[in-house]
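Trainee: First the structure, then my questions, so here it is.
The values are calculated or read from the model by the stated rules, or taken from the named source; none is laboratory data. Treat the numbers as computed from the prediction; the structure is a model and nothing was measured. Backbone-built Cβ (ideal geometry, glycine too); neighbour counts: all protein chains shown. The accessibility values were calculated without ligands, DNA or RNA, using every heavy atom of the protein model including side chains. Shrake-Rupley method; radii C 1.70, N 1.55, O 1.52, S 1.80 Å.
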Amino acid sequence: MEKSSVYHVPVMLEEVLADLAVKPDGIYLDGTAGGGGHSYAIAERLTKGGRLFSMDQDPDAIAEAGARLAGMPAEMVHANFTELGNVLKQHGTLADGILLDLGVSSHELDEGSRGFSFHQDAPLDMRMSQVGTTAADLVNTLPAKELADILFRYGEEKYARQIAAQILEARAQKPIETTLELAELIKKGVPAKVRREKNPCKKTFQALRIAVNAELDCLASALDTAFESLKPGGRLVILTFHSLEDRMVKQAFAKRCQGCVCPPEFPVCICGRQPEGVLVHRKPITASEEELQRNSRSHSAKIRSIEKR
């Protein structure tokens, strides 16, 4: 067993491995390598010719995970997990198990220069891939309604319009360039009572991060691709960290597990629809007290898993 890495502490590692049910000769794909914690644990169990494809869109993650997985039965792939179907097709195989650990890695949060954290002053970036549109681009160019819609939809922020108004007023004077500049505007946009209860920045930062990285669009695309890329009996295991992701995963899995869709008044089934999968557990797995003490970032995590028939 390797020593732990501070780059990213894998969330609910034992629960993930149990749901994947790793076979020593199996084919596995980790669509979100991060620091390689989950990938390492999978790869070290592939003792009889198994193979792991470990993907990430973040070049920092590819470098870190690649170093940890050197010499193991694993191949690094620098790409977004929406490309996982193509990766497996290129190797002429389907997977025995696929893991998606959604959200931000510990490294992305802790590395101030990446602009994900409202606790450190840094350029307002938030790009996981380190290319494309930044959070600063969004807050400095979007119309008020579109900006408020992002904050409400992706952050479930009920003061979205007030925060957007503060942003527009400030950017009329000068561009908003750093995380702490934005954090101060968010605080101005919410009532004093909200500021006293907790830091009000979390929802807005989450919403902008989701928008910058098109996270929900990527997840919607990957849910179908991942399931279709499994062998019969293969498992798709997904770790979510907020309600929007979890709802999408729950609904997608339920659809795959649905059988007959005939109207209830039909005396017999005429659609012939059969379930394509079965849930590994009916309710999502959440972090244990021990896990929460070890890794505070696991407090909102949920695992949902499905097995392909």
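Trainee: Using bins 20 angstrom wide from zero, how does P(r) for the chain break down, in % of all Cα pairs?
Mentor: With 20 Å bins starting at 0, P(r) equals 31, 53, 16, 0.
Trainee: State the answer as a single residue: which of ALA220, ALA160, GLY259 lies farthest towards the positive end of the charge dipole of region 151-261, with beta carbon charges of +1 for Lys and Arg and -1 for Asp and Glu, about the Cα centre.
Mentor: The listed residue farthest towards the positive side: ALA160.
Trainee: Anyone know which of LEU279, LEU99, LEU52 comes out most mobile in the 10 Å Cα GNM of the chain?
Mentor: LEU279
Trainee: On a C-alpha basis, how far is the centre of region 82-111 from the centre of region 170-220 in Å? Whole number, if you could?
Mentor: What the calculation gives is 28 Å, centre to centre.
Trainee: Calculate, for LYS193 and SER221, the FRET efficiency according to 1/(1 + (r/R0)^6) with r their C-beta to C-beta distance and R0 30 Å; round to the nearest 0.05. Could the numbers behind the result be given before it?
Mentor: On the way: r = 40 Å, r/R0 = 1.34.
That gives a FRET efficiency of 0.15.
Trainee: Determine the dipole magnitude for region 1-121: charges of +1 sit on the beta-carbon of Lys and Arg, -1 on that of Asp and Glu, nothing else is charged, the reference point is the Cα centre, and the result goes in debye to the nearest 20. Don't jump to the answer; show the numbers that get you there.
Mentor: Numbers: 8 positive and 19 negative charges, 103 e Å.
Around 500 debye, computed over region 1-121.
Trainee: ASP60: net charge of surrounding residues, Cβ under 15 Å, Lys/Arg +1, Asp/Glu -1, itself excluded? Kindly include the intermediate steps, with their values, before the conclusion.
Mentor: Working: positive: ARG68, ARG114, ARG127; negative: ASP56, ASP58, GLU64, GLU108, ASP110, GLU111, ASP125.
Local net charge: -4.
Trainee: Quick one, can you get me the convex hull of the C-alpha atoms of region 81-132 expressed as volume per residue in Å³? All intermediate terms of the calculation are to be shown ahead of the outcome.
Mentor: Details: hull volume 5.1 nm³, N = 52.
Expressed per residue, the convex hull around the Cα atoms of region 81-132 is 98 Å³.
Trainee: If you take the beta carbon distance between GLU169 and GLN293 as r and set R0 to 41 Å, what does 1/(1 + (r/R0)^6) give as a FRET efficiency, to the nearest 0.05? Present the calculation step by step, with values, prior to reporting the outcome.
Mentor: Numbers: r = 43 Å, r/R0 = 1.04.
Calculated transfer efficiency: 0.45.
Trainee: For region 227-301, what is the accessible area per residue in Å², given a 1.4 Å probe and the full set of protein chains? The partial results should precede the final answer.
Mentor: On the way: 4500 Å² over 75 residues.
Averaged over the residues of region 227-301, the accessible area is 60 Å².
Trainee: Just reorder ASP60, ASP121, ASP96 by solvent-accessible area, largest first, 1.4 Å probe, all chains present.
Mentor: Working: ASP60 55, ASP121 100, ASP96 20 Å².
Listed by decreasing accessible area, they come as ASP121, ASP60, ASP96.
Trainee: Something else about it: Picking from ARG297, ARG273, ARG247, which is most flexible by a Gaussian network model of the chain using Cα springs under 10 Å?
Mentor: Residue with maximal mean-square fluctuation among ARG297, ARG273, ARG247: ARG273.
Trainee: Next question. Carbon and sulfur together cover what percent of the accessible area of the chain at a 1.4 Å probe radius?
Mentor: Numbers: 7710 of 14880 Å².
After summing per-atom areas, the C and S share lands at 52 percent.
Trainee: Can you give me the long-range amide H partners of GLU75? Hydrogens built in the peptide plane at 1.01 Å from N, cutoff under 5 Å, separation of 5 or more residues or another chain.
Mentor: Placed amide hydrogens put LEU52, PHE53, SER54 under 5 Å from GLU75.
Trainee: Using a simple charge model, +1 on the beta-carbon of Lys and Arg, -1 on the beta-carbon of Asp and Glu, nothing else, what dipole does region 143-242 show about its Cα centre, in debye to the nearest 20?
Mentor: Values: 17 positive and 13 negative charges, 111 e Å.
Result for region 143-242 is approximately 540 debye, rounded to the nearest 20.
Trainee: The chain: longest stretch without exposed GluC sites (Glu not before Pro) (DSSP loop, at most 12 other Cβ within 10 Å), sites themselves excluded? Intermediate values should be presented prior to the final figure.
Mentor: Details: sites that count: GLU2, GLU265.
Value returned for the longest uninterrupted segment is 3-264.
Trainee: In nanometres, what is the gap between the two model label sites at GLN251 and GLN274, each 7 Å from Cα along Cα-to-Cβ?
Mentor: My value for the distance between the label points is 2.8 nm.
Trainee: Give me the three principal axis extents of region 1-147 from the C-alpha atoms, as integers in angstrom, largest value leading.
Mentor: Ordered largest first, region 1-147 gives principal extents of 55, 34, 25 Å.
Trainee: Order PHE266, PHE118, PHE227 by their accessible area, 1.4 angstrom probe, all chains in place, largest first.
Mentor: My answer, sorted largest first, is PHE266, PHE118, PHE227.
Trainee: Counting only the heavy atoms of the protein chains, how much of MET76 is accessible to a 1.4 Å probe, in Å² to the nearest 10?
Mentor: 50
Trainee: At a temperature of 37 °C and a viscosity of 0.692 mPa s, determine how fast region 114-188 diffuses translationally according to Stokes-Einstein, using the Kirkwood radius over alpha-carbon pairs as Rh; express D in µm²/s, rounded to the nearest whole number.
Mentor: Details: Rh = 12.4 Å.
Translational D for this selection: 264 µm²/s.
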